[in-house]
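Working notes, structure below.
Throughout, read-outs are computed from the coordinates displayed, never taken from laboratory work. From a predicted model like this one, the values you see are computed outputs, not experimental measurements. Positions of Cβ are backbone-derived with ideal geometry, glycine not excepted, and every protein chain shown enters the neighbour counts.
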Amino acid sequence: MNIKDRITALKEEIPPNCTLVAVSKTKPVSDILMAYEAGHLDFGENKVQELTQKADTMPKDIRWHMIGHLQRNKVKYIVPFVHLIHGVDSSRLLSEIDKQGGKIGRVIDCLLQVDISNEETKFGFDQEELVELLRTGLKDMKWVQVRGLMGMASNTTDMDRVRAEFRSLKNLIEKLKKENFHERVSMEILSMGMSGDYQVAIEEGSNLVRVGSLIFGERNYA
Ligand SMILES: *Cc1c(COP(=O)(O)O)cnc(C)c1O
């Protein structure tokens, strides 16, 4: 199967309320165009430089998702066009996004990344920090909209563990939905699931999956 067939098959498989973000990191523009020609508009990248270069050359109706770890000094390069920033993992990063959004008068949609795996390498808030930020940390912010949560399960073949991690994030977002936070918080997006675990993630309540290698093939990191 080629890219066009794979993305079409995947879109038929996942439920209509679930957004598919095609993760195109390390892949050439020609690959992205094949998915675009199949009618796909949501693409994810994890490096600022690669994201801005691709966004410059690609059709303007593409919705670019920043899914990787984002450094504060690079926020300014993506705020003019980014559709959704998935990996907000500190309140300092969120305030920088607010500041840069304010400079150009654009409200930036963000997801807060939650550390659900307890692996040392993963970024993200723990649950207490997150609630603290939502309760008090956003009071002066006007240029961010916190639209939900993002999480990555452990890199393991133990699907029971992966499922439990996804379930904990779903429980958390349901709990948060009941609270009345700042007007800049709305908890409708739950971004979880990648090539190896998107089916489990959807069963556990994900409504946005980030799938790369299953669409574009394995990545070669030179
Ligand atoms: C690379 C990446 C993905 C996609 O990974 P695949 O296993 O290729 O589907 C999803 N989410 C994040 C945050 C990533 O960095």
(request) May I ask which of Lys54/Lys76; Lys25/Lys103; Lys27/Lys47; Lys54/Lys74; Lys25/Lys122; Lys25/Lys60 have a Cα-Cα span longer than 20 Å here? (result) Lys25/Lys103
(message) Based on C-alpha coordinates, I'd like the Rg and Dmax of the range 46-97, in Å.
(response) 10.6, 33
(message) Of Ser154, Ser186, Leu20, which is farthest towards the positive pole of the chain's charge dipole, taken about the Cα centre with +1 and -1 on the beta-carbons of Lys, Arg and Asp, Glu respectively?
(response) Ser186
(request) Could you grab the Rg to Rh ratio for the chain? Cα atoms only, Kirkwood for Rh. (result) 0.95
(message) List the residues, sorted by chain then number, that are 5 or more residues from Ile108 or on another chain and whose placed amide H is less than 5 Å from its amide H.
(response) Val144, Gln145
(request) Mind checking the range 86-145 for GluC sites (Glu not before Pro) that DSSP puts in a loop (not H, G, I, E or B) and that have at most 11 other Cβ atoms within 10 Å? (result) Glu120
(request) Please list the non-local residues whose amide H lies under 5 Å from the amide H of Arg63, H modeled 1.01 Å from N, same-chain partners needing a gap of 5 or more. (result) Asp42, Phe43
(request) Under 14 Å from the Cβ of Ser30, count the other residues' Cβ atoms, weight Lys and Arg +1, Asp and Glu -1, and hand me the total. (result) +1
(message) Taking only the Cα atoms of the range 116-221, how large is their convex hull per residue, in Å³?
(response) 128
(request) Translational diffusion coefficient, Stokes-Einstein: compute it for the range 144-186 using the Kirkwood radius over C-alpha pairs as Rh, at 25 °C and 0.890 mPa s, and state it as an integer in µm² s⁻¹. (result) 208
(message) List the lysines whose Cα sits under 25 Å from the Cα of Lys178, skipping any in the same chain fewer than 8 residues away.
(response) Lys139, Lys142, Lys170
(request) State to the nearest 20 debye the size of the charge dipole of the chain about its Cα centre, where the only charges are +1 on K and R beta carbons and -1 on D and E beta carbons. (result) 800
(request) Write out the GluC sites (Glu not before Pro) in the range 192-222 meeting two conditions: DSSP loop, and at most 12 other Cβ atoms within 10 Å of their Cβ. (result) Glu218
(message) Going by amide H atoms built from the backbone, whose H comes under 5 Å of the H on Ser191, apart from near neighbours?
(response) Leu149, Met150, Gly151
(message) Modelling each spin label as a point 7 Å along the Cα-to-Cβ direction, I'd like the Tyr77/Asn2 distance in nm, to one decimal.
(response) 3.2
(request) For the range 190-207, take each phi angle, set θ = phi - 60°, evaluate the Karplus expression 6.51 cos²θ - 1.76 cosθ + 1.60, and give the result in whole Hz per residue in order, putting x for glycine and proline. (result) 10, 8, 8, x, 10, 3, x, 9, 5, 5, 5, 4, 5, 4, 8, x, 5, 10
(message) Please return the longest range in the chain lying between exposed loop sites, taking trypsin sites (Lys or Arg not before Pro), DSSP loop only, at most 14 other beta-carbon atoms within 10 Å, and leaving the sites out.
(response) 1-59
(request) Starting from one equal scatterer on each C-alpha and no solvent at all, send me the Debye-based log10 I(q)/I(0) for the range 50-175 at q = 0.17 Å⁻¹, two decimals. (result) -0.90
